[in-house]
Amino acid sequence: MRRVRVCLPFFRLCLAGCALTRALCMVAVLCCAPAVAAGFSQMAVKRLFAPPDEVLSGRIALPAPERTPTVSRVLALSAAFGPSTGDPRIVVAAFSFDHAGGVIRLLPLGVGASEWRASIETAESGGVAIELNGWDERAPLRVAESIGTQSAFGLDEATRAYEMDVTAGRCIVRLFAPAEHRGRSAALVVEDASPDVAVAHLRDRVQRVGEPVELVVGGVTPFGPATSELLGRGAGQLRAVVVDDMTVRWSDGRVEGGRVLGEDGRGRWIVRTGPAVAGDAHVCVQMRVHGLDGRWRPRTILYSTRVAAGPSLDRGRGTARISADPTVPGWWHVDLPVSLSAVTDTNEVVFAAAELWAHGGGRARCLGWIGGLASVEQADDHPFGATAAFVRLGCAAAHLQLGPDEGIGLRAVRLHARDGWVPLDLRGSMAVDVGDALLGIADARRASASAHDWCGIPGIATVPTPTGLGEQSGFLPAAGAHALVLTHGYCADANTWPMSQFGGDAWQYVNASQNMSNDVFAVDIALRGREFKSYGVVGHSQGGAAALHLHAFYWSGLDWAGAGRLIQAVGTPFEGTALAGNLAALGEIFGVQCGTNFDMTYDGAAAWLSTIPTAPRSRVYSYTTTFTNNPFVYDYCNIVSDFFLTDPEDGVVEDWSGHFVGGNNMGLKTGWCHVSGMRDPDQTLDGARNAVMNAQGAR
């Protein structure tokens with residue numbers, strides 16, 4: 001538990017407006033914040049402020065769970081290879097399902113999938129097994145084959161997708177493999193052209209250890225990028241569903257069944273797991289959706305969520321406190337009381353936020369929103385008590401101007417875990433103890449706006465850095481230079497930005513084959529880039545989100561960059577990707593991928609983005625790409641992810657997710673995919689776009 005702060009006294013000078021003082025403060029931030037290399041343990045964090053219009057518009061609010069659903073148009077089944085009847089050199093995995101008929105696609109997944117033999121028995125074939133690879137034209141089924149990579153969920157191997165037209169009824173698919181596959185897992189994904197999809201969302205954003213996880217599952221028409229928007233508005237055509245089975249795989253490896261609690265009166269069902277354990281959880285719901293044509297279609301929801309351990313808001317001491325900082329004129333602390341649990345020591349830094357509201361005379365007035373990373377603290381002389389725990393936010397007194405009859409209260413108070421930004425606790429409102437501080441707040445005069453008006457002043461607060469970060473792999477630019485940092489994404493085995501297409505001040509960030517939260521990724525960029533005076537970022541995939549995270553929540557070289565585009569992102573899932581949920585769950589079956597990354601699920605991305613004000617958002621320039629569209633062939637970037645994403649997409653990121661409100665949308669470009677090995681070239685190799693980003697990037 002942190003009781004003291006470091007590196008603070010010098011930062012008090014930062015209130016002065018002269019250029020020399022700001023330059024000295026820049027040096028202090030860069031020396032104090034990169035703590036690992038210098039032997040410190042703290043990193044300077046920002047105290048965020050968003051004006052009332054961002055609160056009233058809902059931009060800075062945690063969206064309701066139904067606004068970030070997992071949507072499925074597929075059936076996903078898994079089985080282990082076992083003995084076959086006949087040849088002992090062959091093992092078989094069998095899958096059986098009922099289907100409404102029409103055009104379907106079958107996608108086998110697993111190690112060696114491209115070499116497996118496959119057969120299908122349908123009502124149309126009269127019980128005759130038809131071999132799918134090398135199919136016979138005399139067979140009653142016309143089958144089209146496509147070959148693609150399984151890299152979307154971590155296997156650098158190919159697989160085959162089969163497309164055919166079948167009649168309604170029972171389908172049995174068998175996969176045949178050499179005997180050495182005995183005991184290995186295989187999966188089969190089945191897709192049809194129906195617009196009827198299954199949807200699921202959390203019943204509550206907060207998931208606590210020892211309590212069940214509850215999902216709301218249902219069906220809706222139509223399917224497409226607007227599905228979540230329709231659900232959020234209560235629009236779309238709801239479809240009846242039947243839940244057939246539910247299982248959950250916890251982070252400790254246990255697989256348990258779940259319970260169906262009942263129907264909610266609107267055709268949706270509530271399903272519940274057993275007591276949750278800390279870590280990632282993969283929920284699998286097998287269900288049927290009653291379609292527009294009156295037929296039932298099988299669907300599988302693969303839902304990934306995270307259960308985090310950490311402090312909660314203290315209901316017993318339900319009053320926050322505002323007090324003046326005695327060493328920084330015009331700065332006010334806002335302390336939130338928290339309760340500690342037996343596992344709080346594993347997560348002593350949290351993100352906290354709250355809306356500020358003035359009230360009096362029978363009316364309420366929004367003053368703005370505050371937030372930031374904060375250590376859980378105790379102080380011997382704190383009014384909460386020597387043993388009471390709290391987290392400290394703050395803002396300039398200029399933001400807290402009150403009328404003579406007004407008081408202050410907090411709304412939408414929340415805590416998020418630092419790792420993954422998982423909501424730890426939410427509270428609708430909280431009273432505030434201000435005491436004599438009201439006089440000072442009422443008399444405050446708003447200072448002129450500055451470039452840092454949204455993020456406080458350097459050095460007001462620091463937090464410990466994660467350990468083991470910041471190991472340097474060498475610089476191309478000279479130490480002390482103004483650089484353009486090129487970052488890769490999640491689980492990348494290399495940085496594929498071509499250095500020849502960027503200037504001599506460009507530097508490639510490399511930390512290969514890692515699964516890092518946005519927070520850890522951001523801190524690692526800051527620590528590795530500590531020798532630069534300033535820098536901008538060109539980020540690929542999660543690297544773009546990590547750069548925005550760094551700019552929003554920490555003081556770093558990004559804050560001292562010159563003119564130009566501060567953060568340029570290509571193929572970044574700012575609003576999440578199905579690959580972080582659906583395909584992460586499939587990857588668990590085979591023990592591949594680098595693991596689930598909650599920050600990049602639709603839920604995790606929504607929670608994270610809801611804590612970033614417009615000011616840092618406006619410094620991001622986002623690009624997206626998609627495959628070349630040929631009307632005469634089956635087009636995709638990645639044959640596996642195509643079953644889970646909505647067009648246009650780059651094999652990992654959907655176009656709608658690669659941009660966000662408040663950022664700068666630089667458009668969608670055709671003919672480029674997310675990484676190498678997909679149908680079209682790697683988007684990081686686009687020389688024309690790279691030339692623009694190199695010229696426009698801030699340093």
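The values are calculated or read from the model by the stated rules, or taken from the named source; none is laboratory data. On a predicted model such as this, the values are computed, not experimentally measured, just so you know. Backbone-built Cβ (ideal geometry, glycine too); neighbour counts: all protein chains shown.
Please work out if Arg295 is more than 24 Å from Pro423 (Cα to Cα) and among the charged types (D, E, K, R). Walk me through it before giving the result.
Values: more than 24 Å from Pro423 (Cα to Cα): yes; among the charged types (D, E, K, R): yes.
Yes, satisfied.
So, of the residues in segment 244-260 that are of a type in the set (A, V, I, L, M, F, W, C) and buried (at least 16 other Cβ atoms within 10 Å of the Cβ), which turns out to be nearest to Glu214 (Cα to Cα)?
In the first step, residues of segment 244-260 are kept if they are of a type in the set (A, V, I, L, M, F, W, C); the result is 246, 248, 250, 255, 260.
With buried (at least 16 other Cβ atoms within 10 Å of the Cβ) added as a condition, the list becomes 246, 248, 250, 260.
On the way: Met246: 12, Val248: 11, Trp250: 14, Val260: 10 Å.
The residue in question is Val260.
Counting just the residues of segment 619-650 that are of a type in the set (Phe, Trp, Tyr) and part of a loop (DSSP other than H, G, I, E, B), which one comes out farthest from Thr149 (Cα to Cα)? So that I can check it myself, show each step before the final result.
Going residue by residue through segment 619-650, those that are of a type in the set (Phe, Trp, Tyr) are 621, 623, 627, 632, 634, 636, 643-644.
Right, trim to part of a loop (DSSP other than H, G, I, E, B) and you get 627, 632, 634, 636, 644.
Details: Phe627: 15, Phe632: 21, Tyr634: 15, Tyr636: 11, Phe644: 15 Å.
Of everything passing the filter in segment 619-650, Phe632 is farthest from Thr149 (Cα to Cα).
So, of the residues in segment 50-90 that are in contact (Cβ under 8 Å) with a residue 40 or more places away in the chain and part of a helix (DSSP H, G or I), which turns out to be surrounded by the fewest Cβ atoms within 10 Å (Cβ to Cβ)?
Going residue by residue through segment 50-90, those that are in contact (Cβ under 8 Å) with a residue 40 or more places away in the chain are 50-52, 54-56, 59-84, 88-90.
Applying the additional criterion that residues be part of a helix (DSSP H, G or I) yields 52, 54-56, 65-67.
Values: Pro52: 16, Glu54: 20, Val55: 20, Leu56: 12, Pro65: 19, Glu66: 19, Arg67: 16.
Checked segment 50-90; the qualifying residue surrounded by the fewest Cβ atoms within 10 Å (Cβ to Cβ) is Leu56.
Could you please tell me which pairs satisfy a Cβ distance under 8 Å, a separation of 6+ or placement on different chains, a first residue in segment 352-363 that is surrounded by 23 or more Cβ atoms within 10 Å (Cβ to Cβ), and a second residue that is modelled with pLDDT under 90 and not β-branched (Val, Ile, Thr)?
Here the result reads Leu356/His399; Leu356/Leu400, each pair linking segment 352-363 to a residue that is modelled with pLDDT under 90 and not β-branched (Val, Ile, Thr).
Sort out which residues of segment 669-699 are under 20 Å from Gly154 (Cα atoms) and either assigned by TED's automatic domain parsing to the domain that holds Glu157 or outside any loop (DSSP other than H, G, I, E, B) (or both), and write them in order of number.
Within segment 669-699, Cys673, Asp682, Gln683, Thr684 meet the criteria.
Determine whether Pro311 is touching a helix residue (DSSP H, G or I) at 6+ places or on another chain (Cβ under 7 Å) and buried (at least 20 other Cβ atoms within 10 Å of the Cβ).
On the way: touching a helix residue (DSSP H, G or I) at 6+ places or on another chain (Cβ under 7 Å): yes; buried (at least 20 other Cβ atoms within 10 Å of the Cβ): yes.
The answer is yes for Pro311.
Being assigned to a strand (DSSP E or B), modelled with pLDDT of 75 or more, surrounded by fewer than 20 Cβ atoms within 10 Å (Cβ to Cβ) and in contact with a helix residue (DSSP H, G or I) (Cβ under 6 Å, 6 or more places away or on another chain), is that true of even one residue in segment 151-158?
Narrowing segment 151-158 to residues assigned to a strand (DSSP E or B): 158.
Applying the additional criterion that residues be modelled with pLDDT of 75 or more yields 158.
The next check asks that each one be surrounded by fewer than 20 Cβ atoms within 10 Å (Cβ to Cβ); those that pass are 158.
Subsequent filtering for residues that are in contact with a helix residue (DSSP H, G or I) (Cβ under 6 Å, 6 or more places away or on another chain) retains 158.
Yes: segment 151-158 contains one or more residues that are assigned to a strand (DSSP E or B), modelled with pLDDT of 75 or more, surrounded by fewer than 20 Cβ atoms within 10 Å (Cβ to Cβ) and in contact with a helix residue (DSSP H, G or I) (Cβ under 6 Å, 6 or more places away or on another chain).
Give me the pairs, please: first residue somewhere in segment 658-671 and in contact (Cβ under 8 Å) with a residue 12 or more places away in the chain, second residue anywhere and surrounded by fewer than 16 Cβ atoms within 10 Å (Cβ to Cβ) and assigned to a strand (DSSP E or B), beta-carbon distance under 8 Å, and either six or more positions apart or on two chains.
Pairs that qualify, where the first residue is in contact (Cβ under 8 Å) with a residue 12 or more places away in the chain and the partner is surrounded by fewer than 16 Cβ atoms within 10 Å (Cβ to Cβ) and assigned to a strand (DSSP E or B), are His659/Asn665.
Residue pairs, Cβ under 7 Å, 6 or more apart or interchain, first in segment 517-531 and touching a residue at least 60 places away in the same chain (Cβ under 8 Å), second basic (Lys, Arg). List them.
Listed by first residue and then by second, the contacts come to Asp519/Arg418.
Of all residues in segment 196-223, how many are buried (at least 16 other Cβ atoms within 10 Å of the Cβ) and over 30 Å from Ala276 (Cα atoms)?
3
Within segment 117-150, can you find the residues that are hydrophobic (A, V, I, L, M, F, W, C) and modelled with pLDDT of 85 or more? Show your work before the answer.
Start the filter on segment 117-150 by keeping residues that are hydrophobic (A, V, I, L, M, F, W, C), which leaves 118, 120, 123, 128-130, 132, 135, 139, 141, 143-144, 147.
Answer for segment 117-150, where residues must be hydrophobic (A, V, I, L, M, F, W, C) and modelled with pLDDT of 85 or more: Ala118, Ile120, Ile147.
What number of residues within segment 530-561 satisfy the criterion of being more than 23 Å from Ala374 (Cα to Cα), at pLDDT below 95 and of a type outside the set (Phe, Trp, Tyr)?
2
Name the residues in segment 159-178 that are over 13 Å from Ala94 (Cα atoms), in a strand (DSSP E or B) and of a type outside the set (D, E, K, R), would you?
If the condition is that a residue be over 13 Å from Ala94 (Cα atoms), in a strand (DSSP E or B) and of a type outside the set (D, E, K, R), then Thr159, Ala161, Tyr162, Met164, Val166, Gly169, Pro178 are the ones that fit.
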